[in-house]
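Undergrad: Sharing a structure with you now.
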Amino acid sequence: MNNQPTFTLGIKTNLGQFLHQLVQVMLVGFTIGMMRTALPALAETEFGVPRNSFMLLTAFVVGFGFVKGTLNFVAGRLSEKIGRQRVLVLGWLFAIPIPVLIYVAPSWNWIVAATLLLGLNQGLTWSMTQTSQLDLTRRDQRGLTLGLNEFSGYVGLALAGVITAYLATTIGTRLGILIFGLSTILSALFISLFWIKDTRPWIHLHSPFATTNTENKLPTTREIFWLMSWKNKSLMAICQAGLVEKFVDALVWVFYPIFLYQRGVSLTNVGWITGTYGLVWGISQLFTGKLSDHIGRQIPNVAGMWICGAGVAMMMLNDGIAWWSISAAVSGFGMALLYPNLSAAIADQTPPEWRGSAIGIYRFWRDLGYGIGALGLGITAHFTGSVDAAVWFVAIAMLLSGGLLLLSNRSQMVKF
């Protein structure tokens, strides 16, 4: 009698594990979202950051981007050796000190340290939810799968920004983040320990859809990195687009709260405006991922880059809460078009045996965009003395990057 478990592909047949992963990624969104509204806006009054110290303000996002990008790279390869579930648990263990550090922080340097731990957490956990969900689902469900994943994460991010803004105005920034953060992190750790399964047993079911190298030998990490970063022009174009689109997120994270708060917008309204960006981004991905399953990845990706950049430019063309909310919504919709579908394009073109590594390398370059973008924003704002030039820097970068993606993309399965 055969007592071996059977594994099948598809969202419906793996619904329990699929939903557990969606809960995980929403809690991942909560964890980063608690850092995105109150901390930048109150950097001067709460943590003693001198006014217009643009390089100091961006330091925590620069650190976050480089750490998260590196851990994305590590997580993909590590998950193929020790399993997806173990990497997920490790990511949540790194997160436990974050709200405690913020609560006791005597200076902005402690916030930077907490954000480095956040980068470790995000690089390990979010990568694993995506990789695991792709393991469970069929090829024709990849866009929908990544759309649902990003929807859950960025709705969580937006809600956390609003919730922590309210907590900051009622019980204080530090206490609010301590309570919210520990509740989120410990809940996620408990779920990942007792309900999440490792999804590596599903990988072999994808083999009929992939063409691997003729020697049936996995490529080395160096070979995959070189292929994706330069050798294959299609994958290279996707990676650069991922990197540049993070300039927008760095802008929203660091400068939008300062830009709005200095113009007299209340902290709760700052939370709602920046939250509009995240909510539109998250909710729209319910259909933008599925859309690409039907019309292909190229049109949503290129259109998303340009629409998102247009939303950034709109921020400078008028003022008022309604206008800024509309601008944020336009950027969020552009992000929804490109964000899950850049990842889906990587999944389309890479074999399942090293797809975890491929997604990790793409996410390395993408989240390195936080660091490079924040550094560019800080330098631009420092030398011009205002946030305005930094906004235009991001808008132009998105336009040019979308053009490169349009010219360079070729959809094909990668062979060694």
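The values are calculated or read from the model by the stated rules, or taken from the named source; none is laboratory data. Because the structure is predicted, anything quoted here is derived from the model rather than measured. Neighbour counts are summed over all protein chains in view; Cβ atoms, including those assigned to glycine, are modelled from backbone coordinates with ideal geometry.
Undergrad: Do we have any residue at all in region 371-382 that's part of a helix (DSSP H, G or I), among the hydrophobic types (A, V, I, L, M, F, W, C), surrounded by 21 or more Cβ atoms within 10 Å (Cβ to Cβ) and touching a Pro at 6+ places or on another chain (Cβ under 9 Å)?
TA: Scanning region 371-382, I find no residue that is part of a helix (DSSP H, G or I), among the hydrophobic types (A, V, I, L, M, F, W, C), surrounded by 21 or more Cβ atoms within 10 Å (Cβ to Cβ) and touching a Pro at 6+ places or on another chain (Cβ under 9 Å), so the answer is no.
Undergrad: Can you tell me how many residues within region 134-192 are of a type in the set (A, V, I, L, M) and under 14 Å from I32 (Cα atoms)?
TA: 13
Undergrad: Condition first: surrounded by 20 or more Cβ atoms within 10 Å (Cβ to Cβ), at pLDDT 95 or above, touching a helix residue (DSSP H, G or I) at 6+ places or on another chain (Cβ under 9 Å) and assigned to a helix (DSSP H, G or I). Can you find one or more residues in region 201-223 that meet it?
TA: no
Undergrad: Which condition number does W306 fail, the rest of (1) among the aromatic types (F, W, Y); (2) more than 21 Å from the chain's Cα centre (by Cα); (3) modelled with pLDDT of 95 or more being met?
TA: Answer for W306: the failing condition is (2).
Undergrad: Please indicate, with yes or no, whether at least one residue in region 57-74 is modelled with pLDDT under 85 and within 18 Å of A160 (Cα to Cα).
TA: For region 57-74, residues modelled with pLDDT under 85 and within 18 Å of A160 (Cα to Cα): absent.
Undergrad: Cβ contacts < 8 Å: first residue surrounded by fewer than 20 Cβ atoms within 10 Å (Cβ to Cβ), restricted to region 262-277; second residue among the charged types (D, E, K, R), any location; separation 6+ or different chain. Result?
TA: Within 8 Å, the pairs are R263/D319.
Undergrad: Another question about this same structure. Given the structure, is G360 modelled with pLDDT under 90 and crowded, with 21+ Cβ neighbours inside 10 Å?
TA: yes
Undergrad: Shifting gears a bit: List the residue pairs whose Cβ atoms are under 6 Å apart, where the first residue sits in region 99-120 and is among the basic types (K, R), the second is part of a helix (DSSP H, G or I) and at pLDDT below 95, and the two are 6 or more positions apart or on different chains.
TA: Sorted first by the residue in region 99-120, then by its partner, the list stays empty.
This table checks each residue for (1) under 15 Å from I98 (Cβ atoms); (2) surrounded by fewer than 19 Cβ atoms within 10 Å (Cβ to Cβ).
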site	(1), (2)
G147	no, no
F151	no, no
V162	no, no
Y166	no, yes
S183	yes, yes
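Undergrad: Counting just the residues of region 343-397 that are hydroxyl-bearing (S, T, Y) and under 25 Å from Q262 (Cβ atoms), which one comes out farthest from the chain's Cα centre (by Cα)?
TA: Here the residue is T384.
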